[in-house]
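Q: Here it is, the structure in full.
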Amino acid sequence: MQLAIVVNEGPYTHQASDTAYHFTKAALEKGHGITRVFFYHDGVNNGTRLTVPPQDDRNLQKLWSELGEKHGLDLVVCIAAAQRRGILDADEARRHGKDASNLAPGFRISGLGQLIEAGIEADRLVVFGD
Amino acid sequence: MAQKKKFLYVNRKAPYGTIYALEALEVVLIGAAFEQDVSLAFLDDGVFQLMAGQDTAAASMKNFSRTFKALGDYDVRKFYVERESLAERGLTVEDLMPITYEDEAEDYAEKPSIIPVSRAEMAALIAQQDVVLSF
């Protein structure tokens, strides 16, 4: 089955990203396909490479990046939600005259159309939120 | 593109205390361009999103309630509002904004977009969908 995943909460404050990560990993291990993982609302905060969680805790951004790399996942951060919350790739940082970018490896920034398209293309869309 | 899918956007939170309602509306607006079979559901505190006479000036928030009235022009014309959620908050359908669409099949007659439903009907509606996005 092809699954689309939506992550609506940031890391650590809510469990949503952890649960989405474990669900995605388990689905891949069972042989399902992941159409896309779309990060919306505070979920975009999963895509900053500047988080430094304590060493004895999980690093959600790194887990997503590694899972993405291993399985060739399309990890998409919503551009409008990301800009509000200070998540920028190099192009967006330049375009808005900011002195730094922080998008994590394996993530890309794109529009909400990618969320709708994932809903149309996948067999199931699974939302993880508060 | 294949057959249209049934998309339901479930709005469960009050409009201004958190950003969920505003960002949900942004998804609905973008989604309208994909010509799917779209419905909106309003339940729990989400019914407050449709209250008439919203004034956000004192809270210095953007009042986006007018956008709901424009959705009819984007073929978003099914606003299912849960009666129990209204009643639990001391509200009736009369407390909500009038939201209408023009029915091209009937010489563009203005028709109400708001469809009050019971909790059981809402559950059945959700069960019929292909894609449910909950906010």
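Q: Find the accessible area per residue for the range B:67-135; the probe is 1.4 Å, ligands and nucleic acids are left out, and the unit is Å².
A: On the way: 3790 Å² over 69 residues.
With all protein chains present, the range B:67-135 gives 55 Å² per residue.
Q: Once you have the Cα-Cα distance between A:Gln83 and A:Gln2, take 0.36 nm times their residue separation minus that, and quote the gain in nm to one decimal.
A: Values: separation 81, 0.36 × 81 = 29.16 nm, distance 2.93 nm.
Gain on stretching A:Gln83 to A:Gln2: 26.2 nm.
Q: For A:Ala93 and A:His32, FRET efficiency with R0 = 41 Å and r from the beta-carbon atoms, rounded to 0.05?
A: Rounded to the nearest 0.05, the efficiency is 0.70.
Q: Turning to a different aspect of this structure: Can you tally the lysine pairs in the range A:2-128 where the Cα-Cα distance is under 21 Å and the two residues are eight or more apart, or on different chains?
A: Values: A:Lys25/A:Lys62; A:Lys25/A:Lys70; A:Lys30/A:Lys70; A:Lys62/A:Lys70.
So the count of such lysine pairs works out to 4.
Q: Take the range A:2-128, drop everything but the C-alpha atoms, weight them equally and run the Debye formula without solvent; then report log10 I(q)/I(0) at 0.20 Å⁻¹ to two decimals.
A: The calculated log intensity ratios at q = 0.20 Å⁻¹ are -1.12.
Q: Taking the simple approach of a point 7 Å from Cα along Cα-to-Cβ for both A:His22 and B:Ala33, what is their distance in nm?
A: 3.8 nm
Q: Using a 1.4 Å probe on the protein chains only, how many percent of the accessible area of chain A belongs to carbon and sulfur?
A: Details: 2880 of 6200 Å².
With neighbouring chains kept in place, the figure for chain A is 46 percent.
Q: Here is a further query. Leaving out ligands and nucleic acids, and using a 1.4 Å probe, what accessible area per residue does chain A come to in Å²? Show your work: numbers first, answer last.
A: On the way: 6200 Å² over 130 residues.
That works out to 48 Å² for each residue.
Q: Moving to a separate point now. Ignoring any ligand, DNA or RNA, what whole percent of the accessible area of the range B:6-134 comes from carbon and sulfur when the probe is 1.4 angstrom? Intermediate results must be reported in sequence, preceding the final value.
A: Working: 3280 of 6310 Å².
Of the solvent-accessible surface of the range B:6-134, carbon and sulfur hold 52 percent.
Q: Now, a different point. For the protein assembly as shown, what are Rg and Dmax over the alpha carbons, in angstrom?
A: Values for the protein assembly as shown (Cα only, Rg and Dmax): 19.5, 66 Å.
Q: Quick check: pseudo-label points 7 Å beyond the Cα along Cα→Cβ at B:Ala87 and B:Asp75, how many nm apart are they?
A: Going from the B:Ala87 label point to the B:Asp75 one covers 3.6 nm.
Q: Using a Gaussian network model on chain A with a 10 Å cutoff between Cα atoms, which of A:Ile34, A:Ile79, A:Ile120 fluctuates the most?
A: With Cα springs under 10 Å in chain A, the top fluctuation among A:Ile34, A:Ile79, A:Ile120 is at A:Ile120.
Q: Something else about it: What total accessible area, in Å², is buried where chains B and A meet, using a 1.4 Å probe and rounding to the nearest 100? Walk me through the intermediate numbers first.
A: Values: alone 7740 and 7040 Å², together 13110 Å².
Counting protein atoms only, the buried area is about 1700 Å².
The values are calculated or read from the model by the stated rules, or taken from the named source; none is laboratory data. Model, not experiment: these values are computed from the prediction. With ideal geometry, Cβ positions are generated from the backbone for all residues, glycine too; neighbour counts draw on all protein chains shown. The protein model used for the area step is the full one, side chains on, heavy atoms only, and it has no ligands, DNA or RNA in it. Shrake-Rupley method; radii C 1.70, N 1.55, O 1.52, S 1.80 Å.
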